[in-house]
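Structure first, then comments.
The values are calculated or read from the model by the stated rules, or taken from the named source; none is laboratory data. If you're wondering where the values come from, they're calculated on a predicted model, not measured in any experiment. When we count neighbours, we look across all protein chains shown, and the Cβ atoms used for this are built from the backbone with ideal geometry, even at glycine. When the accessible area is computed, the model is the full protein with side chains, heavy atoms only, and any ligands, DNA or RNA have been set aside. Shrake-Rupley method; radii C 1.70, N 1.55, O 1.52, S 1.80 Å.
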Amino acid sequence: MTVKINKIHDFTTKLRQPYALSRLKEYVKWQKALRQGPEIEMPNLTPISINLDLTTACNFRCDHCIDLDVINSKEKFDHRKLLASLENMIDRGLRSVTLIGGGEPTLYPWFPEIVKFLKNHGVQIGIVSNGSRGKILAIAAKYLKKEHKDWMRFSVDAGTDSTWQKIHKPLSNITLEEVCEWAPTIHAVNPNLPIGYSFLIVWEKSENSKKIKIVPNVNEIVIAAKMAKAYDFNYMSVKPVLTRFETDSVEAILNINTKTIADIRLAIDEARARYETENFKIIESINLKVLEDGNWQDYAHQPRTCHMSVFRQVLSPIGLFHCPGFRGIEKSYINDKNAYCDENLNKTQKAVASILAEFDASKECADCTCLLNQPNWWIEKMVNGEIDISEIKPTEERLDYFF
């Protein structure tokens, strides 16, 4: 069964853009040679896209946080070294940066400066924030560009303030309405910037990795859509809650029954019928669609090699990791936070090659409906000869390098 993938999640097509395809061909050539003969050195392939965790600090205490083990650590970037690392990565082919995860990015003291620096270098930017520091987001928004397809998204996960307070546990005296009021303010600064209202669906009996019950919110999907539209958000994204069943495992979907899946579908359909317009869309994640269609196990069947580790990585104060789903997990660790500084480049390249060889995604990710499942299998078929990469035709340049 094939799931209809939203354009923003169509990573296979993104890899066929002329620039990405040239990098892909270089990688496949190396992998094929590596499997057919003696070990050869990995080509100079820096990721095209990274998740950049500017800080592990957070001003919320969300029970559903997937980074409970790394939140509020004492590790910090040296700002000058971070800028040098980013410049190295850009010179070597970095095209997009998502400021997300591991903490609240706007708590980084030089957040607007980082955004300005990346935009001055022509890098695409996505920002994921809890929305509590709207003034900082509004300052950063003026640097973002429509032609670069930059975007911003608030992690809201509720439709009422009462539920929002229970889910996020903000440390300051702030309400859901006060968070949402920043969307029209930011639009006033940058009218062309897409702003999303993210809704992580939690159902009854859900637990986090600490075995703590998570506040359910299925009954607020419709009113959340109403709230998002009323406050001038451009879209609402919906996805299922994930957790780690063990401290060293990948994020996976929690147990769910067919009635709950049906309730979620009814709520999303009602939200669409009532509130979706040309200017306000509801976007469903791949793992939500496969959960509903009952074929999630197809997307949990991974090739042994996670090829996308070369093209998308996570840079954080606690180190460089090969996958957001394994952020903070030792088996995913590539190098330290200065991995892309001049003195560490060779070590980092060798460590990426080692991850590709040693990390067995078919086992480690067997419970994960990975968003990169399709491009990973597509690349695997090129490497093993089922697909001739020389016959892959490039698409037009979409200028979309978010992976």
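Points to keep in mind about this one:
- Subset of segment 119-138 (residues that are farther than 23 Å from Phe311 by Cβ and surrounded by fewer than 17 Cβ atoms within 10 Å (Cβ to Cβ)): Asn120, Lys135
- Selected residue (criterion: least open to solvent (accessible area, probe 1.4 Å)) from residues of segment 164-177 that are free of Cβ contacts under 8 Å to residues at least 24 places away in the same chain and not hydroxyl-bearing (Ser, Thr, Tyr): Trp164
- Of the criteria (1) in contact with a Lys or Arg (Cβ under 7 Å, 6 or more places away or on another chain); (2) free of Cβ contacts under 8 Å to residues at least 12 places away in the same chain, which one Lys211 fails: (1)
- Residue count, segment 363-377 (criterion: surrounded by fewer than 20 Cβ atoms within 10 Å (Cβ to Cβ) and at pLDDT 95 or above): 1
- Whichever residue in segment 1-40 is basic (Lys, Arg) and within 20 Å of His148 (Cβ to Cβ) and, among such residues, is most open to solvent (accessible area, probe 1.4 Å): Lys7
- Residues of segment 269-308 classified as part of a helix (DSSP H, G or I) and more than 22 Å from the chain's Cα centre (by Cα), total: 8
- Residue match in segment 143-163 (condition: open to solvent by 40 Å² or more (accessible area, probe 1.4 Å), within 30 Å of Ala262 (Cα to Cα), out of contact with any Cys (no Cβ under 7 Å at 6 or more places or on another chain) and part of a strand (DSSP E or B)): yes
- Enumeration of residues in segment 122-142 that are out of contact with any Leu (no Cβ under 8 Å at 6 or more places or on another chain) and outside any loop (DSSP other than H, G, I, E, B): Gly134, Lys135, Ile136, Leu137, Ala138, Ile139, Ala140
- Residue within segment 52-70 that is touching a Leu at 6+ places or on another chain (Cβ under 9 Å), outside any loop (DSSP other than H, G, I, E, B) and within 30 Å of Lys213 (Cα to Cα) present: yes
- Residue check, Gly319 among the small types (Gly, Ala, Ser) and without any contact (Cβ under 8 Å) to a residue 40 or more places away in the chain: yes
- Among residues of segment 63-118 being basic (Lys, Arg) and over 30 Å from Ile167 (Cβ atoms), the one that is surrounded by the most Cβ atoms within 10 Å (Cβ to Cβ) is Arg95.
- Residues in segment 325-353 that are open to solvent by 20 Å² or more (accessible area, probe 1.4 Å), in a helix (DSSP H, G or I) and more than 20 Å from Pro43 (Cα to Cα): Glu330, Lys331.
- Any hit, segment 41-55, residues being of a type in the set (A, V, I, L, M, F, W, C) and open to solvent by 40 Å² or more (accessible area, probe 1.4 Å): no
- In segment 188-208, the residues that are open to solvent by less than 20 Å² (accessible area, probe 1.4 Å) and either at pLDDT 95 or above or of a type outside the set (Gly, Ala, Ser) (or both): Asn190, Leu193, Ile195, Gly196, Tyr197, Ser198, Phe199, Ile201, Val202, Trp203, Asn208
- Of all residue pairs spaced 6 or more apart or on separate chains, those with beta-carbon atoms under 6 Å, a first member in segment 194-205 that is more than 16 Å from Ala262 (Cβ to Cβ) and in contact (Cβ under 8 Å) with a residue 12 or more places away in the chain and a second member that is aromatic (Phe, Trp, Tyr) and open to solvent by 10 Å² or more (accessible area, probe 1.4 Å) are Pro194/Trp151; Gly196/Tyr235.
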